[in-house]
Each structure stands twice: as structure tokens, then as C-alpha cells.
Amino acid sequence: MLSLLILRCSYAVESSCHMLFSCPSSKAVWKNSSFCQLIKSLLHLLLSKILFGVIWNLQPDCFCSFDLILWALWNDRNRVLHGGKEWEFTLIISSALYLIEEYGQVVHLHNRPIVHHSPLTRWTAPLAGAVKFNSDATVLVSESHVGVAGVFRDSQGCVLAAFSCKIFSSFETVNY
């Protein structure tokens, strides 16, 4: 099977470091981000050293933006790998910015007082060979949406798949 990066930029070996930082498509993303100078100064290093350099040099409030750009680049790679079309760097950046904005909204929501209606419990593993599905939902009447999330784990606790989504609707509150 041909390497994905051969298809994208004619580079001979697919590596996470190349795909996230050195590939022309990822370079275009970093060039148009606030991390341009930092990434440029670290490109000669191995992936672990690049990441350490970022951690060492970034302010804590910038980590979320950096991580979401990495995620958007990896997501674009997977889109191409599974037969989709490669996104332009502007679309990759805007998808990361959207996620940053959405994260900010979630952080804002989490600053509200939380009312627990059920006791907190610890996760327990399923039997060997089985998969366990845990889910949760939150109704935010004032925001007109429901947040739903779930995770599938094996008997070792390894995450096999996870998801989260918003469902928009109008709601009425009912007091019992």
C-alpha cells in the first residue's frame, strides 16, 4: 500500500512528525497560525523534542489552540486516508478555531454551579473479552440543546471509540 504522504506530498516515509509539522500542507497551516515562529524554530528536531519545545515555550492558555490544530491536521490526514478530499489549510485552521470557540463555550458553561442528581460512581471493567459502553447526557434548557457523549472500553479499560454531540431543540421544564 502506498504511503498516504506519498499521495499528498511525495515524501517517501509517513511519520507523525512529517505529517503534523513538515508536510507542505501542515506547514501552510502552521505558517498561518500564531505558532508559526515557534514551530519553525523546532522543525529540525524529532517529534518528541518538538512537542517538548512547544510545552516548554507556550503559555498554558495556548495549549488548547495548539492541540486542536494538531487534531485538525490529523483529522484531515484520516479524511484523505479514507477516500475523502484533502482540505485547504484555511479550512483546517477554521475547523480548529471553531473547536476552540466551542471549547470556550463549554468552559463557560462549566463555570455554572453543577447540581448532581445521582451519586458519583467509579467505572468498573467488563468481563474479559467484553466491551462496555458508558454514556451521559446533559440538558441545558437556557442554551436550547442537549449534550450527549459516550465511550466504548474493553476489559483493560482501553478506549475503543468515543463520541460527543449537541442536539439542538426547544425544551420545556417539568417540575416533579
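FYI, it's all coordinate maths here, none of it is from the lab. Note that this is a predicted model, so its numbers are computed, not measured. Cβ sites come from the backbone with ideal geometry, for glycine too, and all protein chains shown count toward neighbours.
Would a scan of the stretch 42-59 turn up a residue that is among the hydroxyl-bearing types (S, T, Y) and within 21 Å of I93 (Cα to Cα)?
no
Among the residues of the stretch 131-163, write down those that are touching a residue at least 24 places away in the same chain (Cβ under 8 Å) and either farther than 18 Å from E102 by Cα or acidic (D, E) (or both).
V131, E143, R153, D154, S155, Q156, G157, L160
Select from the stretch 21-49 the residues that are among the aliphatic types (A, V, I, L, M) and in a loop (DSSP other than H, G, I, E, B) and list them in ascending order.
The answer is L43, L45, L46.
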